[in-house]
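Read through the structure below, which is laid out as structure tokens, and then see the notes.
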Amino acid sequence: MASRIALALSRIAIVIAIFAVWEMLARTGLVNPRLLPPASETLATLADLLERASVATISWSPRPKCWLPLRSRCRSVASSAI
């Protein structure tokens with residue numbers, strides 16, 4: 001039981017260390033922030049996207065090249081799918 005807890009804590013520590021290094025590299029300028037934005041900004045953007053209703057209700061047509069919210073861009077595919 002103790003080894004399972006230690007294993008879980010070590011996995012959590014590794015993930016936290018990866019995010020800390022990611023944040024440090026972006027904030028110190030060692031990596032271009034346009035290529036690798038800070039982890040905090042990336043996670044905040046992800047949370048914002050997941051809160052939007054359009055992301056929560058994604059519907060795919062039978063043809064993967066046509067995403068239903070973008071139906072106006074692929075009318076011929078969408079009209080044949082309906």
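The values are calculated or read from the model by the stated rules, or taken from the named source; none is laboratory data. All values reported here derive from a predicted model rather than from experimental measurement. We place every Cβ from the backbone using ideal geometry, glycine too, and count neighbours over all the protein chains shown.
What the table below lists for this structure:
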| quantity | calculated |
| --- | --- |
| Residue under evaluation SER80, criteria (1) modelled with pLDDT of 55 or more; (2) surrounded by 11 or more Cβ atoms within 10 Å (Cβ to Cβ), criterion not met | (1) |
| Long-range neighbours under 9 Å by Cβ, at least six apart or interchain, first residue free of Cβ contacts under 8 Å to residues at least 12 places away in the same chain within segment 23-46, second among the β-branched types (Val, Ile, Thr) | LEU25/VAL31; PRO37/THR45 |
| Filtered residues of segment 25-56 (kept if assigned to a helix (DSSP H, G or I), of a type in the set (A, V, I, L, M, F, W, C) and either more than 19 Å from the chain's Cα centre (by Cα) or modelled with pLDDT of 90 or more (or both)) | LEU25, ALA26, ALA39, LEU43, ALA44 |
| Every residue from segment 31-44 that is under 15 Å from PHE19 (Cα atoms) and of a type outside the set (Asp, Glu) | VAL31, PRO33, LEU36, PRO37, PRO38, ALA39, SER40, THR42, LEU43, ALA44 |
| Criterion violated by TRP22 - all others in (1) hydrophobic (A, V, I, L, M, F, W, C); (2) modelled with pLDDT of 90 or more; (3) not in a helix (DSSP H, G or I) satisfied | (3) |
